Amino acid sequence: MKKFNIRKVLDGLTAVSSPSPSPQLGAKENELIPETLQSEHFQICKTVRHGFPYQPSSMAFDPVQKILAIGTQSGALRLFGRPGVECYCQHESGAAVIQLQFLINEGALVSALADDSIHLWNLRQKRPAVLHSLKFNKERITFCHLPFQSKWLYIGSERGNIHIVNVESFTLSGYTIMWNKAIELSSKAHPGPVVHISDNPMDEGKLIIGFESGIVVLWDLKSKRADYRYTYDEAIHSVAWHHEGKQFICSHSDGTLTIWNIKSPAKPAQTITPHGKQPKDGKKPEPCKPILKVEYKTTRAGDPFMIFSGGLSYDTVGRRPCLTVMHGKSTAVLEMDYPIVDFLTLCETPYPNDFQEPYAVVVLLEKDLVVIDLAQNGYPIFENPYPMMIHESPVTCCEYLADCPVDLIPALYSVGSRQKRQGYSKKEWPISGGNWGLGTQSYPEIIITGHADGSVKFWDASAIMLQVLYKLKTAKVFEKARCKEEKPNTEIVDEDPFAIQLMSWCPESRMLCVAGVSAHVIIYRFSKQEITTEVLLEVRLQYELNDLESPEGGGDQTPAPPTPSTSPSPQTAAPQTHTSTSSNSSDGIRDNIPCLKVRSSPLKQSPGYQVELVVQLVWVSGEPPQQISSLAINSSYGLVVFGNSNGLAVVDYLQKTVLLNLGIMELYGSNDPYQRQLRSPRKSRQQNIYLNFNSAQDEEADMEKVICQSVNLLVVISEWGLYFFCVFLSTVLLSVCPPRGSIPLDNRDNSFSRSRSSSVTSIDKEAREAVTSFYFCETYNRKTDGGLTPSLWVGTSLGTVLAISLNMPPAGEQRLLQPVIVSPCGTLVRLKGSILRMAFLDSTGSLLPSAFEPWYEPNAPANGEERDKVRKRRPVSVSPSTSQELNENQYAVVCSEKQAKVISLPSQTCVFKHNITETSFVLRADVVQMNAGICLACFCANGHIMTLSLPGLRPLLDVNYLPLTDMRIARTFCFTNLGQALYLTSPTEIQRITYSQEVCENLQEMLGELFTPVETPEAPNRGFFKGLFGGGAQSLDREELFGESGAGKAPRSLAQHIPGPGGIEGMKGAASGIVGDLARARIALDERGQKLSEVEERTAAMMASADTFSKHAHEMMLKCKDKKWYQF
């Protein structure tokens, strides 16, 4: 275990100069702080992917294993079993998946890609892998078909040819069906690509081939010629068999369905236009949109089902995509929210020659997965148990908390269960394959997602699963425009004005604070009881600021002390109260107007998160407010702080007051490192200003102050010229008017477009300094402090860390009556780049979390026991115990976009420093707790994930994991405790990863199993049909027909075989596993049962030989038992 001596690694003092001499290092700083974390504790690994597959392109279902597979346009595979059993795979080429085929009940899957390659996946392992690949060189793949219990895969091409692949060896057969031989003289033109291949359910020797032009061919595999050819004028999109093999149905591009008898190729037996208008004169119906797919399923006890997508009339403009279910005389048109990609009918039997008995339809949409219950009237849908609606509204931000309070998930679930929709099917979810993993993780995990529509979702992410717990709609607080004409002209964004930008959550107190793109902050308190509140008045703070001359170089303006817009009398000095329908000023310039309008009608708040306070920044002199770039809440202090490119504001949500409304330059005070001075300093900056409305004066040694004891206004003026507002109000809404900084409209930016330069010499960059991070703590703010004080640390985009002291009133009723006194303490430290994260360690190197208040029921009865508990509650402080010495030091960990520093307190000396990156910048940094210690985790824009030890800042991990491809990753990447992290890998999917070696080692146990041993259902009795058709699957020896002895070898130039990642061992495993089991399954289901596998024959021969040897030995023993030795 490596140890560090803090004293010998001092590398400089903080940039703040103090008139008093720096105190000597405390005795505790001479001790050695052990660091338990080592590089072997870290390893990067993907764990699980949640959400809906982005841009889906194909789908398949195993009716025996009950596993669903979905392929995407980016080459991804998502496999789903029972809720909680999910798997993600990726093709290396990244080409779109055009078709998927399960080897039913064999634990294998064949995928066909748009780059003309096919792949065999082994699903018998927890992380599926490719066993074989075959890349076609001269043909474009358009369709694949793998008959049930067959090892020969039919592949149709764009040229109209059909090739056959052995899935055991993944080699091409010499048997090929050429398009010209298939159609012969039935057409003068090329028939087009192959759009369908399937064998006759009652005769495996008959293959039906559908060409795009409208030609269908019934091919005899044995005689290698076409039996019948069926021609229709319209293009074909899909074909489906009746289970008796006497009829098939085709869907066409003009919205018609044609039903053909196989022995009557002249014309279709029936032509249907389901959604076409039938003319009275008997003419052909008007053409409709193409029917892209049709399925024909039969039942024993009733009429067959014809299910198809598309086919609507062209005059249905604006109608949503539909799935049509025709059953007997009834036709049901089921509207979908998104375009249909594919659909599958789930049936009771896997055998195509038996009554299908359909019970559900799986519909794959562009952004959703819907399963329809066919067995109930009205065709209700099943409730989807998968977390597929992450993208219900686009995700704008994420937070991830591991090892949170154990009572939190049950509390959220109890209020969230009341939000569930009704009307779902009462049956169990039909996709129920696989088994759950045996994970050892026992700690609760919660993911919070903020969305563009203003909603916030809480997810249970424990044990690599994901389940929605509760949904909060923040937009309910505001009025919504019914149409574009009613849309207010005060909005600063064209779309999604309620979008969530930042979130701050205290899991212990369950207090939640969100910031939106319309410069609004909403504070929520958790309650299990329903209440109704009235939001009738909107209260704003507006002060007329005296005009000042701009500093040279466009620096920040310094506001004069605030002057009420009316005469300074006790009656008019308070901020004016306006209704929510404030109008523009007389000159037409928008001023003192918020971006959104708060609801004026009573608001019914259900159990869960209920609005405590709304804060809005307002327009000032025609300029919109800057978007909020940082946010923090502390339940122990009852404070919320937020900042932007103009400054920061501190709000006391218990007293509904604004404590601090301050520009960045005023936060520096006289110690501004950039020397942003006024050209003509006003006298008001050189003297103390007293505004006394029936108040008493209270002077302190470090700063002269006047506290106005009026219940209306508190104004504090320091020698730095800064001012605070504190308004004691009982209304629900506060609107904060920020100081008028000199940030021009075209220079405003957000937290993701800020300057990445570490230079602090440019006046232009000084004007762009924004508040980027906050941290509430109990620490030493000055070098001379003898004890811990409540504090707020502020980080800026220019790498400066400043401190603000918080003088808190006594807990209990006094907290609601006495004001919180806020006083800046100056600059503490500077780093290169924008400040991202701050944290504190005690003298032993352990993490010091912020103080918090335990949760209580805010709406408890007035005379109940819960109300007494509320009165007696005390904040929980996590500061060092009273047994520790008062002069015991702390360590502050500060991380910026470029470097990290560890500062010793109260001496304010830098004891450790590490330059994280020179050529890139850090996007996300978090101080996280691991099982073996704490560390600083960083994610850089160049894709590197790094961890640094604390407090020594030793590099422990540096992996080039993921290059920054879009801002979605930067906006959503977050680390949490115990080696967990996540990011939004696509607009619809969350990717969870781990950087813990311990989690990587246990991941195999945690993952679910896709394949489970299940017996294949018995085949139907086909004795009568065998005699009628002259042979079925039993009479067709595909091995003899397609094998090398019967068909020869295919040209080598046609396709290239590529072994899977497992190499020879992988192929051996495939031969002994999937293919061997497939052969044994076929033999077991063969009625004659005459063939045995080679291993079984050898075993039987060895057993027979052993029996013969035993008999001979026994006979020899009896024969020689009575003989003497000399008789031999």
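Answer yes or no as to whether Ala269 is surrounded by fewer than 18 Cβ atoms within 10 Å (Cβ to Cβ), at pLDDT below 90 and closer than 27 Å to Pro147 by Cα. Taking the combined requirement at face value, the residue does not satisfy it.
Go through the residues of the range 331-345 one by one and say whether even a single one is surrounded by fewer than 20 Cβ atoms within 10 Å (Cβ to Cβ), touching a residue at least 12 places away in the same chain (Cβ under 8 Å) and among the small types (Gly, Ala, Ser). Among the residues of the range 331-345, at least one is surrounded by fewer than 20 Cβ atoms within 10 Å (Cβ to Cβ), touching a residue at least 12 places away in the same chain (Cβ under 8 Å) and among the small types (Gly, Ala, Ser), which makes the answer yes.
Matching residues to (1) under 31 Å from the mean Cα position of the chain (by Cα); (2) open to solvent by 10 Å² or more (accessible area, probe 1.4 Å):
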site	(1), (2)
Asp591	no, yes
Pro602	no, yes
Gln605	yes, yes
Gly622	no, yes
Ser630	yes, no
Asn634	yes, no
Val640	yes, no
Gly647	no, no
Asp652	no, no
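For the range 37-46, a residue qualifies if it is in contact with a Leu (Cβ under 6 Å, 6 or more places away or on another chain) and closer than 26 Å to Tyr88 by Cα, and exactly one does: Phe42. Pick from the range 918-950 the residues that are polar (S, T, N, Q) and in a strand (DSSP E or B): which of them is surrounded by the most Cβ atoms within 10 Å (Cβ to Cβ)? The qualifying residue surrounded by the most Cβ atoms within 10 Å (Cβ to Cβ) is Thr947. Being open to solvent by 20 Å² or more (accessible area, probe 1.4 Å) and without any contact (Cβ under 8 Å) to a residue 24 or more places away in the chain is a property that Gln149 lacks. When the range 523-536 is limited to residues that are open to solvent by less than 10 Å² (accessible area, probe 1.4 Å) and in contact with an Asp or Glu (Cβ under 8 Å, 6 or more places away or on another chain), the one that is nearest to Gly622 (Cα to Cα) turns out to be Ile523. Set side by side, the residues Phe102, Phe148, Phe143 differ, and just one is within 35 Å of the chain's Cα centre (by Cα), over 30 Å from Gln1004 (Cβ atoms) and of a type in the set (Phe, Trp, Tyr), which is Phe143.
Do you know which of the residues in the range 170-192 that are in a loop (DSSP other than H, G, I, E, B) and open to solvent by 50 Å² or more (accessible area, probe 1.4 Å) is nearest to Val216 (Cα to Cα)?
Keep residues of the range 170-192 that are in a loop (DSSP other than H, G, I, E, B), which gives 170, 178, 184-192.
From the residues that got through so far, the ones that are open to solvent by 50 Å² or more (accessible area, probe 1.4 Å) too are 178, 184-186, 188-190.
Numbers: Met178: 14, Glu184: 12, Leu185: 14, Ser186: 11, Lys188: 15, Ala189: 14, His190: 13 Å.
Among those residues, the one meeting the criterion is Ser186.
Being within 42 Å of the chain's Cα centre (by Cα), of a type in the set (Gly, Ala, Ser) and assigned to a loop (DSSP other than H, G, I, E, B) is not true of Gly276. Check Pro350, Pro387 and return the single one that is buried (at least 21 other Cβ atoms within 10 Å of the Cβ) and either more than 22 Å from Glu428 (Cβ to Cβ) or of a type outside the set (A, V, I, L, M) (or both). Of the residues listed, the single one that is buried (at least 21 other Cβ atoms within 10 Å of the Cβ) and either more than 22 Å from Glu428 (Cβ to Cβ) or of a type outside the set (A, V, I, L, M) (or both) is Pro387. Every test in (1) closer than 18 Å to Arg127 by Cα; (2) open to solvent by less than 20 Å² (accessible area, probe 1.4 Å); (3) out of contact with any helix residue (DSSP H, G or I) (no Cβ under 6 Å at 6 or more places or on another chain) is passed by Met1006 save one, and that test is (3). Of all residue pairs spaced 6 or more apart or on separate chains, those with beta-carbon atoms under 7 Å, a first member in the range 354-371 that is on the phi > 0 side of the Ramachandran plot and touching a residue at least 40 places away in the same chain (Cβ under 8 Å) and a second member that is of a type outside the set (Ser, Thr, Tyr) and not in a loop (DSSP other than H, G, I, E, B) are Glu357/Cys347. Number of residues in the range 328-341 that are within 17 Å of Phe305 (Cα to Cα) and charged (D, E, K, R) equals 1.
Quick test for you: out of Gly423, Gly433, pick the one residue that is open to solvent by less than 50 Å² (accessible area, probe 1.4 Å), assigned to a loop (DSSP other than H, G, I, E, B) and in contact (Cβ under 8 Å) with a residue 24 or more places away in the chain.
Gly433
With respect to the stated conditions, Ala811 is in a loop (DSSP other than H, G, I, E, B) and of a type in the set (A, V, I, L, M). The set of residues in the range 48-77 being open to solvent by less than 10 Å² (accessible area, probe 1.4 Å), in contact (Cβ under 8 Å) with a residue 40 or more places away in the chain and β-branched (Val, Ile, Thr) consists of Ile67, Ile70. Only one of the numbered conditions (1) more than 25 Å from the chain's Cα centre (by Cα); (2) open to solvent by less than 10 Å² (accessible area, probe 1.4 Å) is not met by Phe80, and that is (1). In the set Leu964, Leu984, Leu978, only one residue is closer than 18 Å to Tyr400 by Cβ, of a type in the set (A, V, I, L, M, F, W, C) and surrounded by fewer than 20 Cβ atoms within 10 Å (Cβ to Cβ); that residue is Leu978.
Being open to solvent by 50 Å² or more (accessible area, probe 1.4 Å), over 28 Å from Glu348 (Cβ atoms), of a type in the set (D, E, K, R) and modelled with pLDDT under 95 is not true of Lys246.
The values are calculated or read from the model by the stated rules, or taken from the named source; none is laboratory data. Please read these numbers as outputs of a predicted model, since none were measured by experiment. Note that we place each Cβ from the backbone using ideal geometry, even for glycine, and neighbour counts take in every protein chain shown. To get the accessible areas, we keep the full protein, side chains included, count just its heavy atoms, and leave off ligands, DNA and RNA. Shrake-Rupley method; radii C 1.70, N 1.55, O 1.52, S 1.80 Å.
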